[in-house]
């Protein structure tokens, strides 16, 4: 099993401060919200999702400079927040403003 790819258009609800990991890599935490209408079995369904996300390295200061309310298209993968938590977090490895 190898595939873990997540693509989402979302609004930035919150942007945390720019930080550094213990290894010295820049990081930023965000909270994203997605709202849309999706097709489900031939009917329209409102889809709503709020998810925590993080970015590392060169993406961190670029995402950290964005304001609340900014809309972004993100690509990344889902993983656990930590080894002791099952709460999902989106690790962003690509984004653009929309």
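Read-outs throughout are calculated quantities, based only on the coordinates presented, and are distinct from any laboratory measurement. Keep in mind the model is a prediction, meaning the values are calculated, not measured.
According to the square roots a ≥ b ≥ c of the eigenvalues of the Cα gyration tensor, what is the shape class of the stretch 8-67, taking rounded for a/c under 1.5, prolate for a/b larger than b/c otherwise, and oblate for the remainder? Prolate shape, in that a/c is at least 1.5 and a/b is the bigger ratio. Estimated at 0.36 nm per residue, the fully extended path between residue 73 and residue 9 surpasses their Cα-Cα distance by 22.6 nm.
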